[in-house]
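In what follows, a structure is listed as structure tokens, so that the remarks can point back to it.
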Amino acid sequence: MTLSTEKNSLTIPPTEAEANIAQASYQLLVSYVQNNGKPITIQVMQEDATSETVTIPAAAFHLLVETLTQMSQGHAVKITAIRKELELYEAADILGVSRTQVLSLLKSGEIPYWREGTVYRMRYQDVMDYKNRNDAEGIKVLNELAAQAQELNMGY
């Protein structure tokens, strides 16, 4: 398994022994996953019995537990850093739309942006806020359609 910020990095599935270790680790750590966002303090022990106490952000701990979950199932894991400022193509990848559609969202004011020369830039958080709003709106519409279908006895 390789953790990298490079787009073309090699990712190798865990061996059976690594998957077993990941399963045992996941089962121990999952009960410590908290939703309060507070940092987690863990003690790291070396084979020579030396140890250190380390505090990590809650989000990093969640990633660790999710990584172990995936490894325990034999899946390869790749972590890619996402910059806090995005260009059109990066926002398009996150939203699953074309660059032209992202540009339309920027020009309509749906996502705040700025330009540096000919390059359009936006904050990652602004893109995610738009995505979350859009997803919530889609779920609301689906729920309304389902309610109408039930009222009309359409069998849904």
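Quick notes
- Evaluation of D93 against (1) part of a loop (DSSP other than H, G, I, E, B); (2) farther than 30 Å from I40 by Cα (one fails), failing number: (1)
- Residues that are in a loop (DSSP other than H, G, I, E, B), among the polar types (S, T, N, Q) and surrounded by 11 or more Cβ atoms within 10 Å (Cβ to Cβ) within the range 33-74 comprise Q34, Q73, listed in sequence order.
- Hey, L86 free of Cβ contacts under 8 Å to residues at least 24 places away in the same chain and either out of contact with any Pro (no Cβ under 6 Å at 6 or more places or on another chain) or not in a helix (DSSP H, G or I) (or both) or not: no
- Scan of the range 100-119 for residues that are free of Cβ contacts under 8 Å to residues at least 24 places away in the same chain and within 15 Å of Y130 (Cα to Cα), ordered by number: Q101, V102, L103, S104, L106, K107, S108, G109, E110, I111, P112, Y113
- Count - residues of the range 114-156 that are under 19 Å from I82 (Cα atoms) and not in a helix (DSSP H, G or I): 6
- Residues that are in contact with a helix residue (DSSP H, G or I) (Cβ under 7 Å, 6 or more places away or on another chain) and open to solvent by 50 Å² or more (accessible area, probe 1.4 Å), drawn from the range 104-146: E110, P112, Y113, K131
- Within the range 20-35, the set of residues being under 18 Å from the mean Cα position of the chain (by Cα) and without any contact (Cβ under 8 Å) to a residue 24 or more places away in the chain comprises N35 only.
The values are calculated or read from the model by the stated rules, or taken from the named source; none is laboratory data. Just so it is clear, the structure is predicted and the values come from calculations on it, not from any experiment. Note that each Cβ is placed from the backbone with ideal geometry, even for glycine, and that neighbours are counted across all protein chains shown. Heavy atoms of the whole protein, side chains included, go into the accessibility calculation; ligands, DNA and RNA do not. Shrake-Rupley method; radii C 1.70, N 1.55, O 1.52, S 1.80 Å.
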